[in-house]
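Report on one structure; see the data block that follows.
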Amino acid sequence: MNIVALIEAQLTWLPAPAVVTLIIVLKILCIVVPVMGSVAYLTLAERKVIGFIQVRIGPNRVGPLGLLQPIADALKLLCKEVIVPSGSNRFLFLVAPVLALGPALAAWAVIPFDAELILADISAGLLYILALTSLGVYGIIVAGWASNSKYAFLGAMRSAAQIVSYEIPMGFALVGVLVAAGSLNLGQIVEAQRGGLGLFSWFWLPLFPLFVIYFISGVAETNRAPFDVSEGESEIVAGFHVEYAGMAFALFFLAEYANMILISGLTAVLFLGGWLSPIPGIPDGIHWFIAKTAFFLFLFLWFRATFPRYRYDQIMRLGWKIFLPITIVWIIVVSAMVVWNVPPWFAA
Amino acid sequence: MFEQAIFYIFAAMLIFSAAMVITVRNPVHAALFLVLSFFTSAGLWLLLEAEFLAIALVLVYVGAVMVLFLFVVMMLDINIAELREGFARYFPIAALVAIVMMYSLGTIVGPENFGLDQVAAAQGHAADYNNTHELGMALFTRYIWPFEIAAVILLVAIIAAIALTLRATRQTKAPNVDHQIAVRREDRVRLIKVDSEPLD
């Protein structure tokens, strides 16, 4: 990339390892800052979208059209006191929000934004994603336990069981993707979806059940409505983060929204061809990736405004008795399609 | 040089957290230290270019097994004083077992079996080396039978574990979710046509 070469040319007076580290840090900033900005404006988008669905206007007081609302919210949370409950485990209580946010940001390292725009182009990218998304639950469990509060603990227990259950159909859906693409590298998975048919060459069509199950499991994995039993305002107050205030609470909030964006981006990369353009002839580019991610983010908000919360035992039934058998059957179907080179997706 | 520094940092963290697992009083802290030791050993495996195994370790042990472990440990009401009761009495036996295990470990993986004269030094691979691919090839060609037999044994264990929970007749009352979801409007609501009566 030109910009990287330009910066390297400016820094020749530094030792080589320092330059490499500096460039990596700059690249990380180039990912984290837009992600954080998206998180901030996703909260505003959520309130606006749900407002319009419920025939309200939504926030419109701070700045033009309410566009400065996220900044006002962030300032408010920054100024609030972080209260540590007296019976809590102080260290784990304060570490838990960081444990929740860390994996949500670290997973972005392997997401391909464009053919060349990727921080770490590693061969086991899909596995890395799966491993990191399964770690976010520690923030929730540790928060629930360290708070030393009944409601927080109940929320943590619910969340642990739910995330472990939905990780399995999610993992099997990814197995289907890697059978279809023949690679664990996310860039190569996108390239495997390139074809003459535009959007009909993408994996969402041959892997349709896995696509639906992956996204629904993603909603469950991020603890979003209708699977938000770990927060369950009407049942257990606010679940695992009931004792948190100020910036510690804001970190949980950031983690949840960063995870939503991550799941949306991943669904776009794995099933909707990432940066590929939907119509043959129109150039590919990062804007397609952003548009597809935005589409799935809108689905998240739409779900929240539309569906009532699942009951806990119904969540378990959906994950274990419906999603799991469907994914296993469809992995066999996909394998058969790959072995027999079913056109147009798996033509030899 | 840089790799060695990373190795020693991870190794020190691994030994520290493994020691903390057995010495801290709080079982939840012990479980979290076990998570840390899994993490650091995954880091060591990454240094050995075994990225598949390293990520699988994090995915399986940290992401699933330890979550369930924490789940159980947090629910238990463990009395620490009771746990410590027999410590002094059983210490000699424990020490004996520990020494025997250390000795057998030492004889198996000691320098006389794993020295540089027995095993050639590991070779670094180029950046395009794919550990996952190599592992898959080995598992599904040369080691296919051991691999399949291990899979069947695990399956048997899973079925046996589930069968054990179903041994006693179920006493608790729980709603049947399949039944609840299968309910249609016709099962619950009856529409009755009532003829309107003329006003007198």
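The values are calculated or read from the model by the stated rules, or taken from the named source; none is laboratory data. On a predicted model such as this, the values are computed, not experimentally measured, just so you know. Reconstructed Cβ throughout: ideal geometry from the backbone, glycine too, with neighbour counts over all protein chains shown. We work out accessible area using only protein heavy atoms, side chains counted, and drop any ligands, DNA or RNA first. Shrake-Rupley method; radii C 1.70, N 1.55, O 1.52, S 1.80 Å.
Shape verdict for the range B:57-181, please, from the Cα gyration tensor: rounded (a/c under 1.5), prolate (a/b greater than b/c) or oblate. Numbers along the way, then the final one.
Details: a/c = 2.39, a/b = 1.24, b/c = 1.92.
It comes out oblate by the Cα gyration axes.
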Förster radius 22 Å - calculated FRET efficiency between A:Leu119 and A:Glu8, Cβ distance, rounded to 0.05: 0.85
Derived scalar couplings ³J(HN,Hα) [the range A:145-155; Karplus, 6.51 cos²θ - 1.76 cosθ + 1.60; whole Hz; x for Gly, Pro]: 6, 5, 5, 6, 9, 4, 5, 4, 5, 4, x
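Tell me, what is the percent relative contact order of chain A, built from C-alpha pairs under 8 Å that lie six or more residues apart? Mind dumping the intermediate values first?
On the way: 514 pairs, mean separation 73.8, N = 348.
Averaging sequence separation for qualifying contacts and normalising by length gives 21 percent for chain A.
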Dipole moment magnitude, nearest 20 debye, the range A:105-259 about Cα centre, only Lys, Arg, Asp, Glu C-beta charged: 220 debye
B:Asp178 - accessible surface, heavy atoms, 1.4 Å probe, Å² rounded to 10: 60 Å²
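What does the charge dipole of the range A:234-344 about its Cα centre add up to, to the nearest 20 debye, if the Cβ of each Lys and Arg holds +1 and the Cβ of each Asp and Glu holds -1?
Values: 6 positive and 5 negative charges, 58 e Å.
In debye, rounded to 20, the range A:234-344 gives about 280.
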Range in chain A, longest, excluding exposed chymotrypsin sites (Phe, Trp or Tyr not before Pro) [loop by DSSP; at most 14 other beta-carbon atoms within 10 Å]: A:14-339
Set of aspartates and glutamates with alpha-carbon distance to A:Lys292 below 15 Å, sequence-local pairs under 8 removed: A:Asp114, A:Asp284
Listed residues B:Phe71, B:Phe52, B:Phe91, most fluctuating in chain B (Gaussian network, C-alpha, under 10 Å): B:Phe91
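State whether the range A:1-114 is rounded, prolate or oblate according to the following rule on the C-alpha gyration tensor (a ≥ b ≥ c being the square roots of its eigenvalues): a/c under 1.5 gives rounded; otherwise a/b larger than b/c gives prolate, and the remaining case gives oblate.
Working: a/c = 2.52, a/b = 1.44, b/c = 1.75.
Since a/c reaches 1.5 but b/c is at least a/b, the shape of the range A:1-114 is classed as oblate.
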GNM result for chain A, Cα springs below 10 Å: residue of A:Pro15, A:Pro278, A:Pro97 fluctuating most strongly: A:Pro15
Separation between Cα centres of the range A:65-102 and the range A:1-44, rounded to whole Å: 26 Å
Rounded to the nearest 20 debye, dipole of the range A:1-89 from Cβ charges on Lys, Arg, Asp, Glu: 380 debye
Gyration tensor verdict on chain A (Cα atoms; rounded if a/c is under 1.5, prolate if a/b is larger than b/c, oblate otherwise): oblate
HN-Hα J in Hz across the range A:305-314 - Karplus 6.51, -1.76, 1.60, θ = phi - 60°, x for Gly and Pro: 7, 9, 9, x, 5, 5, 7, 4, 5, 6
Listed residues A:Glu235, A:Glu116, A:Glu221, B:Glu49 arranged by accessible area, highest first, probe 1.4 Å: A:Glu116, A:Glu235, B:Glu49, A:Glu221
Selection from A:Ile53, A:Ala161, B:Thr23, by position along the positive dipole direction of the protein assembly as shown (Cβ): A:Ile53
Amide N proximity, the range B:1-19 versus B:Ala98 label position 7 Å along Cα-to-Cβ, cut-off under 15 Å: B:16, B:18-19
Which of A:Trp145, A:Pro97, A:Thr327, positive extreme of dipole for chain A (C-beta unit charges): A:Trp145
HN-Hα J in Hz across the range B:171-177 - Karplus 6.51, -1.76, 1.60, θ = phi - 60°, x for Gly and Pro: 9, 6, 9, 9, x, 8, 5
Percent RCO, i.e. relative contact order, over the range B:24-73, from Cα pairs under 8 Å lying at least 6 residues apart: 43 percent
Relative contact order of the range A:168-317, defined on C-alpha pairs under 8 angstrom at six or more residues apart (%): 28 percent
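Could you report the protein assembly as shown's accessible area per residue, 1.4 Å probe, as an integer in Å²?
With all protein chains present, the protein assembly as shown gives 58 Å² per residue.
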Choice from B:Leu116, B:Leu32, B:Leu59 showing the highest fluctuation, given a GNM over chain B with Cα pairs closer than 10 Å: B:Leu116
Buried on assembly, the range A:114-130 (at least 50 Å² less accessible surface than by itself, 1.4 Å probe): A:Ser123, A:Leu127
Dipole of chain A, positive end: most advanced residue of A:Ala16, A:Ala238, A:Val110 [Cβ charges, Cα centre]: A:Ala238
